[in-house]
Amino acid sequence: MLTSISIANAQFSQNENTTEAISLRPITSVLLAGQKDYSFEEIRNNPSLDFVPLSGLKENLGFSNDNYWLTFSLENTTDRYRQYYLETARPITDIVNLFIIDGTGQVEKQFSGDKIPFSKKTIKHRKSIFEIGLRPGQNIQAYIHLKSDGEVVMLPMELYPETSFFNLTYKEQVFYGFFYGILVLASIIYLFFFFALKDRAFVYYACYVLFIALMQFSLDGFFHQYFTPEGGWLSDRSVLFTAFTSLLFFGKYGDVYLNLRKNSPILHITNNIMGASIIIGMLILALAPNFEYCYPLANGIGILVLLQMITSLIVLKVKKIKVDHYFVIGICFLILGFVVFILNNFNTIENSFFTSNGTKFGIGLEIIFLSISMSNRIRDLRMENEQNQLLALQRAEDMNEIKSSFLSNISHELRTPLNLIMGVATSLQENKEEENLDEKCKMLLSSSKNLLGNIEDILDFTVIEKGNQELQEVPFDLNSTLTKILRSQEKKALAKGLEFNISIADNLPFRIVGDKAKLAQILNHILDNSIKFTNQGKVEVDILCDRNSENKASASIRFNIKDTGIGISKEKMSTIFESFTKKSFMDKREYSGLGLGLYIVKTYVDLQNGTIDLRQNTDLGTTCELTLSFEIDEDQITVDEESKTDILLNREAGNILYVEDNKMNQTVVKLLFKRNWANANLTIANHGKEALEMMKDQSFDIILMDLQMPEMDGFETTSIIRSGQANCNAQIPIIVLTADNTSNTRKKIFELGANDLVTKPVNGPLLFSKMSKNALNKAIDKVA
């Protein structure tokens, strides 16, 4: 018979053959010493200290860094030696020391707790374990000093017979080995899945499982036993670090798995805020010397993370977004286990084997169901990859068809106008006195314009594909620009027998700041399509203007273009703004064009932060709604292009130097001057060096400069003139005539000091307008 006697001399007995643990709580008393750090001698020699029965307190005392002293007495009334092992406190308690006073007054000391190196523990065990041996008839008085760093304090007092203790230890080793083995294996497997599938959900889940395993490893005392046997800084903080890290990865895993960025942006933001708070908690833990408040903080954040997950599942359910039901079940088990664990930590439920190990049960079941969920995710990803491969294959086949269609189409579109140009030119060459000369010239001009338009579309497409497109925003006359565009399109519509109705709002600004060329391209492409795909009926153009009430200097201009054409199918509507697309792959002979127009339009509209909407009418045809915003330039004083030309034509003709190596281009410019400005003195240089030599002997008023030339190109020549190294006025107006209208070329020539640029083929009125402007500016400068 083993008899245990408390200070109150209460009798407690247990059958000597029992294999069950004996709870000493009924015969144990406790001193709540608070922050008073009593020595053992002070406790032993001070009978006035207020020890109270431990059975009057819960086994879980909550988060605390106070000092506690426990005392009890044992007596062996048998004639045999008895060996027992006493388990008390939690494995992660800092200080757990036992003092045993025998009948002779001698004191035996035993030490445990994770504040000391593992090797200095009296019993080398992960738990706070003490060995108690009782000789026949021996009576002992025992005292236990216990102190934690703010973690939950628990006071089990379980006395195990030697055989029972070893059996229990073996069973625990098997249980923990299986538990941790499963977690580590799951973590490794999901890391492999991440590297194979590149899905971040797998790496976050793998890290979460790994750190939740490490947290349990720390709580069970294994971290101190195997990773930090010498104790120290990391040993003290291991539970908190692993807890914070597991919460961080759990939040990221839920965010990615549920795709909150797309499905619920607000929850995605709150999840990021939660992650930031966890990182702040980790920084506090790492930097603060006193971190006892981090334990309730970690538990509190854990509750918030679980609430975030529950809220996310509810929101997605309300939005009718499908979530794998195994994922929901797994999260429910995890939440149940953590709720039990956290409530136990906060001392709101009684301590027991189930409550103290609630996370292990929850995590175990969670791993099972989340693993099933992740396997479903793998299946879905595999099916998605297979679908993407099929789409990619279909896309590749479509692209091959598009390329074949494009090559055939471009061959047709370029050969058709070239065939007409060559045929008419041959006819003119063979018949010197050809009849209908004006009509044939118009045919040549029309075909040339079509050919030029196709070439410009291809060049624009090339610039867009390289990402080099940019806006050239300058003030320009909106009314004259729209008038020119609409008159040109009206002629096309009338020639096809269509009505062309125009409505322009009265509040349209006179002048705006923007890219005039791109606005013209956008409108011309849209109107070309409306006229092209309308065989009968009409095309209506409504131009409206919304003035900004807050910013008077800006306006939003809306272009509504409606036709009664063949319309656009629903299937085609989804790709209408893609490159190389037309009404269908089979219409390349029915309708002309390269299929680049609307792609260029969409790109230029987006470049100007505008909007474009193309939709099928309820009856016939389509409606295009285009909205662009511009700054208003009401204060600029301008002269109409025609009047500017008249100003220069009425002035005394000046000396003009044209630097150009191509004989055909020289002839074209000579004809322009002969027809429109016969009094001008035009001198031609074949390259830059020749031009510089001419300028030594003759002064010029304006230079027309080509760029690509032998000997010395236009870039170098312009640079020499502007640097003052040429024998001429360094500020002489230079207008570049070139076929290269790319943004890089424009930027470079203006950096070198060119005044203006005209692209080839040369538009006569535009050239004379720019010459007039620069000649007029030069004359004003001289007067000034």
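Odds and ends about this structure:
- Residues satisfying the stated conditions in segment 596-641, i.e. aliphatic (A, V, I, L, M) and modelled with pLDDT of 75 or more: 598, 600, 601, 605, 607, 612, 614, 620, 626, 628, 632
- Of all residues assigned to segment 302-314, none qualifies as being in contact with a strand residue (DSSP E or B) (Cβ under 9 Å, 6 or more places away or on another chain), in a helix (DSSP H, G or I) and touching a residue at least 12 places away in the same chain (Cβ under 8 Å).
- For segment 502-551, residues that are loosely packed, with under 15 Cβ neighbours inside 10 Å and of a type in the set (Phe, Trp, Tyr) total 1.
- If you go through segment 114-124 and keep only what is more than 18 Å from residue 148 (Cα to Cα) and in a loop (DSSP other than H, G, I, E, B), you end up with 122, 123, 124.
Here's the yes/no breakdown for (1) within 38 Å of the chain's Cα centre (by Cα); (2) surrounded by 18 or more Cβ atoms within 10 Å (Cβ to Cβ):
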site: 171; (1), (2): no, no
site: 176; (1), (2): no, no
site: 183; (1), (2): yes, yes
site: 189; (1), (2): yes, no
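- Some residue of segment 260-274 being closer than 22 Å to residue 370 by Cα, surrounded by 14 or more Cβ atoms within 10 Å (Cβ to Cβ) and touching a His at 6+ places or on another chain (Cβ under 7 Å): yes
- Qualifying residue in segment 239-252 (condition: surrounded by fewer than 18 Cβ atoms within 10 Å (Cβ to Cβ) and among the hydrophobic types (A, V, I, L, M, F, W, C)): no
- Residues (at pLDDT 90 or above and part of a loop (DSSP other than H, G, I, E, B)) located in segment 103-113: 106, 113
Here is a yes/no grid of residues against (1) in contact with a helix residue (DSSP H, G or I) (Cβ under 9 Å, 6 or more places away or on another chain); (2) of a type in the set (Gly, Ala, Ser):
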| position | (1), (2) |
| --- | --- |
| 122 | no, no |
| 126 | yes, no |
| 129 | yes, no |
| 142 | no, yes |
| 145 | yes, no |
| 153 | no, no |
| 163 | no, no |
| 170 | no, no |
| 181 | no, yes |
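- Taking (1) under 28 Å from residue 555 (Cβ atoms); (2) in contact with a Ser or Thr (Cβ under 8 Å, 6 or more places away or on another chain); (3) at pLDDT 85 or above in turn, residue 655 satisfies each apart from (1).
- Residue 236 vs. criteria in a helix (DSSP H, G or I) and more than 21 Å from residue 306 (Cβ to Cβ): yes
- Residues that are touching a Ser or Thr at 6+ places or on another chain (Cβ under 6 Å) and surrounded by fewer than 21 Cβ atoms within 10 Å (Cβ to Cβ), drawn from segment 211-234: 228, 234
- When residues of segment 675-708 are limited to those that are touching a strand residue (DSSP E or B) at 6+ places or on another chain (Cβ under 9 Å) and part of a helix (DSSP H, G or I), the one nearest to residue 752 (Cα to Cα): 688
- At least 3 residues being under 40 Å from the mean Cα position of the chain (by Cα) is the threshold, and among the strands (runs of 3 or more DSSP E) wholly inside segment 497-564 those reaching it are 511-514, 538-547, 554-563.
- Residue among 86, 61 that is part of a strand (DSSP E or B), surrounded by 18 or more Cβ atoms within 10 Å (Cβ to Cβ), at pLDDT below 90 and not assigned by TED's automatic domain parsing to the domain that holds residue 220: 61
The values are calculated or read from the model by the stated rules, or taken from the named source; none is laboratory data. In this text, all values refer to a predicted model and were calculated from it rather than measured experimentally. In this analysis, Cβ positions are derived from the backbone assuming ideal geometry, glycine residues included, and neighbour counts consider all displayed protein chains.
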